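Below is one structure, written out as structure tokens, with a few remarks after it.
The values are calculated or read from the model by the stated rules, or taken from the named source; none is laboratory data. Quick caveat: nothing in here was measured; it's all calculated off a predicted structure. Virtual Cβ from ideal backbone geometry, glycine too; neighbours counted across all protein chains shown. SASA here: full protein model, heavy atoms, side chains in, ligands and nucleic acids out. Shrake-Rupley method; radii C 1.70, N 1.55, O 1.52, S 1.80 Å.
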Amino acid sequence: MKLFNMLRKIDEKPDSKNETVADELPDTQEKDQITSTDNNTPAETSDESANLPVSVKDQRLGIEDQMNELSHQYTQLRNDLKTNLFTEKDDLENKKGTLSNYLDTLNRDQSETDEKLADIKSQNDNAEKEKLARVRADQKEQEEFLADYKKQKNTLTAKIERNQQNLEEQQADLAKNEQSEKDLSGSIKEEKDLQKMLVLMEDQKTSINKLYDQRADIQNNIDDINADIKKLNEELDDVNAKINQTNSAINSLKGNANQIESKIKNDRNYRIETTASLERHVQSLDEEHKKIESELSEVNNNKAYIEKYIKDVFHSAFLVRDVYLDKDKDYYVLANSFDDNNQMSNLFDTIRFLESKLQKSVTVISTFYNEKLAETINSEIQTNHLENPNVINLFDQLQVSANPTEQPVSIPENDGWITRTDVETKDTLIYDQNNNLLMTVEYDNEKINRINYYKNEQINKTNVYNISGQLSSVQIFNKKQDLTEQSFYRTDGSIVLTVIFEGEKANSYQLFDANGLLEHDFNKKDELIAWWLKSLTLDTSNGIFVGNNDDLLYKLITNDNKIENDKFIPLLTNAQKNIKEVINLLTANTNILNILVEHAEDLQAIETSTTRDISVSSISHSSSNELYLPDSLKI
């Protein structure tokens, strides 16, 4: 933390003295060197050099070297600090996301548990009790029916018994009647007197008729009693059936009542146990909720502290971090212009920046003409020991041929020419016998690169050759030395493109097929580029496009609505000088999340002026010795 405070103080106090910086340097040897420099005493390298006098100039150079070393150390520490802070911020962001997601899960769980608990507490046995009451009522009713049926049974049984008794009495009477008839017959048989026998027979006749009448009455009574007994037995059977049916219904109702009572008891026990379990779970959730909220609050506080620290150290009201480069993506560097040193430097620096971060080659898509583009880029990139980028160029693809000429250009022998060599440029100058300049030949690595043709000491045509010595382009100039026409040739020597100029502006791009027939005539280079882009197969879903925000090719591709905005990383030039325009651009285009700038000063200007969070990286920062210092360390 002392180191952080030191860096913050250095940035905030431009008037701080060098002694303060020296005292806080972690390297004791460097501190001693600075102290010795302040005392105008050179550092001892050997016993012999210690005795030699040191000039004021040597002392100044030593001081400058040490200041430069200090600036390197400061810048490296500043970058390390920035990386450290943003790494910690990202870790806190991830932890916050994890805790927030977990807290959301707890909230959902608690909400579901509360609903279950409320549902359990709202449950009761009313419905089952009502059902039990109905069963009990039905049981009581059936029991009343049973009691009534039993009464009916008893009544019927009593009636049957009385009828049985009456039947027995009647049967006894019938037996007496029959015995009386037998007794009369016996008395007649025993009588000897005929007259008396006749009298007895007459009496018997009367008695028998009477007995027969009585017997008939008795038999009728017996029949009536048997009929009553039969009817009563049938009624008794019906009552017994009803009794059995009622007993079965009562037993069924008792079983239902027992089941309902058991269910009420089980439901009550379940509610008690579930309520207790849910309440324990709610308490556990509440404790976990408080714990996570506490952790989340701590993470938020730490995150707020880190964000404030970043803003304090880097003097920005908003967070400015390095551009994140995804190594799984394909990166395309776009360029339409390669005309001046600044454009060339930006292209090379962009390639170096990307490849050094990604540790893999990128693809350069360009639409400018350079007869040795791939060689130039590879030569420049190889000095940094990086991968050679894949180079896709409009003119290279137009000029390629399946049957290239194998005869390179050469200067023929001519006795009428006078040849001279420019000592400085090594160019060949060819004159006629009258000392009129006819042509100049320019070389690159001892190979002919250009032949300039002159008339009346003025250039009227230039032939440009590629690295293989094949004709690549022909430029035609008017008497005012203005370029009026430029033609481009395939490697087999056939013409492929002619550009017509009016003043300094090209107004016609004539494209020819292999037979030399006009195939297209575009009015603008935009149209030529748009036509060419259709022939490219780029994986836009996995691609990231990087280019100068003002570059024609970059603009054409960014206008493609099929490519998402997050697929582009613009390079903003002269950001420090045009900081207002840059901030206005970022304010108006909130979809711009990542930008590249040329120099560290540009990055610092955006850090101190931005009106929103943004990711910014300097393309020259990692590939050159250009470093920036706090005001207190600047001369």
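Can you pull out every residue in region 245-286 that is within 30 Å of T105 (Cβ to Cβ), in contact (Cβ under 8 Å) with a residue 40 or more places away in the chain and of a type in the set (A, V, I, L, M)?
Answer for region 245-286, where residues must be within 30 Å of T105 (Cβ to Cβ), in contact (Cβ under 8 Å) with a residue 40 or more places away in the chain and of a type in the set (A, V, I, L, M): L278, V282, L285.
If E295 passes every condition in (1) of a type in the set (D, E); (2) closer than 20 Å to T540 by Cα; (3) under 26 Å from the mean Cα position of the chain (by Cα) but one, which one does it miss?
(2)
Quick one: what pairs do we get from region 419-448, first residue touching a residue at least 40 places away in the same chain (Cβ under 8 Å), second crowded, with 16+ Cβ neighbours inside 10 Å and basic (K, R), C-beta under 8 Å, 6+ apart or different chains?
These pairs meet every condition: D444/K372.
Which of the numbered conditions does V364 fail, given that it passes all the others? Conditions: (1) outside any helix (DSSP H, G or I); (2) open to solvent by 20 Å² or more (accessible area, probe 1.4 Å); (3) touching a helix residue (DSSP H, G or I) at 6+ places or on another chain (Cβ under 8 Å); (4) within 27 Å of Q475 (Cα to Cα).
Failing condition for V364: (2).
Sort out for me the strands (runs of 3 or more DSSP E) sitting completely within region 493-602 that have 3 or more residues that are within 26 Å of Y369 (Cβ to Cβ) and open to solvent by 60 Å² or more (accessible area, probe 1.4 Å).
It comes to 518-522.
Counting only residues that are in contact (Cβ under 8 Å) with a residue 12 or more places away in the chain and open to solvent by 60 Å² or more (accessible area, probe 1.4 Å), how many does region 305-318 have?
Number satisfying all stated conditions: 3.
Considering only region 124-159, how many residues are within 30 Å of N266 (Cβ to Cβ) and of a type in the set (S, T, N, Q)?
4
Residues of region 319-346 being touching a helix residue (DSSP H, G or I) at 6+ places or on another chain (Cβ under 8 Å) and surrounded by 16 or more Cβ atoms within 10 Å (Cβ to Cβ), which ones?
L319, V320, R321, D322, L325, Y331, V333, L334, A335, N336, S337, F338
Listed residues N378, N341, N390, N384; which is in contact with a strand residue (DSSP E or B) (Cβ under 6 Å, 6 or more places away or on another chain) and within 30 Å of V323 (Cα to Cα)?
N390
Let me spell it out: the conditions are (1) assigned to a loop (DSSP other than H, G, I, E, B); (2) under 26 Å from K534 (Cα atoms); (3) in contact with a helix residue (DSSP H, G or I) (Cβ under 6 Å, 6 or more places away or on another chain), and N384 meets all of them except one. Which number is the exception?
Against the list (1) assigned to a loop (DSSP other than H, G, I, E, B); (2) under 26 Å from K534 (Cα atoms); (3) in contact with a helix residue (DSSP H, G or I) (Cβ under 6 Å, 6 or more places away or on another chain), N384 comes up short only on (2).
Could you check region 80-103 and list, in sequence order, the residues that are touching a residue at least 60 places away in the same chain (Cβ under 8 Å), out of contact with any Lys or Arg (no Cβ under 6 Å at 6 or more places or on another chain) and under 20 Å from A600 (Cα atoms)?
Those that are touching a residue at least 60 places away in the same chain (Cβ under 8 Å), out of contact with any Lys or Arg (no Cβ under 6 Å at 6 or more places or on another chain) and under 20 Å from A600 (Cα atoms): L81, K82, T83, L85.
Would you call K231 surrounded by 13 or more Cβ atoms within 10 Å (Cβ to Cβ), part of a helix (DSSP H, G or I), basic (K, R) and touching a residue at least 60 places away in the same chain (Cβ under 8 Å)?
Against the criterion (surrounded by 13 or more Cβ atoms within 10 Å (Cβ to Cβ), part of a helix (DSSP H, G or I), basic (K, R) and touching a residue at least 60 places away in the same chain (Cβ under 8 Å)), K231 does not qualify.
Which one of D560, D550, D539 is among the acidic types (D, E), at pLDDT below 95 and touching a strand residue (DSSP E or B) at 6+ places or on another chain (Cβ under 8 Å)?
D539
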